[in-house]
1. Taking θ as phi - 60°, what are the ³J(HN,Hα) couplings along region 26-43 by the Karplus curve (6.51, -1.76, 1.60), each to the nearest whole Hz, with x for Gly and Pro?
2. Can you list residues from other chains, or at least 5 along the same chain, whose modelled amide H is less than 5 Å from the amide H of S41?
3. Can you pull the three principal axis extents for the Cα set of region 11-62, in Å, largest first?
4. Out of I89, G47, I4, whose Cα points farthest toward the positive end of the dipole of region 3-96 (charges: +1 Lys, Arg; -1 Asp, Glu; placed on Cβ)?
5. Just to check I understand the Karplus step: with θ = phi - 60° and J = 6.51 cos²θ - 1.76 cosθ + 1.60, what whole-Hz values come out for region 45-56, glycine and proline as x?
6. Using θ = phi - 60° and the Karplus curve 6.51 cos²θ - 1.76 cosθ + 1.60, what whole-Hz ³J(HN,Hα) does each residue of region 84-90 get, with Gly and Pro shown as x?
7. Using amide H atoms built 1.01 Å from N in the peptide plane, name the residues 5+ places from S2, or on other chains, whose amide H lies under 5 Å from its own.
8. Please list the non-local residues whose amide H lies under 5 Å from the amide H of S50, H modeled 1.01 Å from N, same-chain partners needing a gap of 5 or more.
Amino acid sequence: MSVIVVMKVPVDVDVFMRTLTERADEYERMQALAQAAGGRSHRYATGDGSGFLIDEWTSVDAFKGFFRRDDVVAFMASVGVDTDAERLILIGDAIDSPDRYDLNPAPATARLATTAAPGGASTAP
C-alpha cells in the first residue's frame with residue numbers, strides 16, 4: 001500500500017519560486033531520482049513563508065530514504081528551504097474512494113501557482 005506525505009518546511013518563497021523556472025532541469029533530475037526511489041506523485045504549494053510538499057510514495061521507508069540523501073538535502077537548501085529547521089511531516093495510508101479525482105494533468109510548468117493550509121501532527125523522517 002502506498003502512502004501520502006505532506007511535508008511543511010520554512011522556505012524563502014521568492015527564491016523557491018524563482019528556481020522553479022531558472023533551475024527546471026535540476027528539478028527534473030530530482031523527479032527522476034524520486035521516481036526511481038519509489039515516488040509516485042508530487043506537487044508543491046506555498047503559504048506564510050512555508051513550502052508544502054504533497055507526495056505519494058510506495059512506502060514510508062522509500063520516502064524517508066530519499067529525503068535523507070545528502071544530494072536531496074543539498075538541493076533543498078539551494079532552492080530556499082531552511083534544512084536546519086524542524087519539518088512538519090504528515091504521513092497516511094493512501095486509499096481509493098469513489099470520489100477521487102485529479103483535474104490537473106497539465107504539464108508541470110502550467111502548475112506553478114498553488115496554495116495549501118498548514119496543520120496536523122509531526123512525524124520526523
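We did not get these values from a lab; they are worked out from the coordinates using the rules stated. Worth saying up front: this structure is predicted, and the values here are computed from it rather than measured. We place every Cβ from the backbone using ideal geometry, glycine too, and count neighbours over all the protein chains shown.
1. These are the phi-based 3J(HN,Hα) values: 6, 5, 5, 5, 4, 4, 4, 5, 5, 4, 5, 8, x, x, 10, 7, 7, 7 Hz.
2. E56
3. Principal extents (largest minus smallest coordinate, Cα): 31, 24, 13 Å.
4. I4
5. 8, 9, x, 6, x, 10, x, 10, 10, 10, 10, 10
6. Values, residue by residue: 8, 7, 5, 9, 9, 10, 10 Hz.
7. Those lying under 5 Å, H to H, from S2 are A94.
8. Under 5 Å from the amide H of S50: V11.
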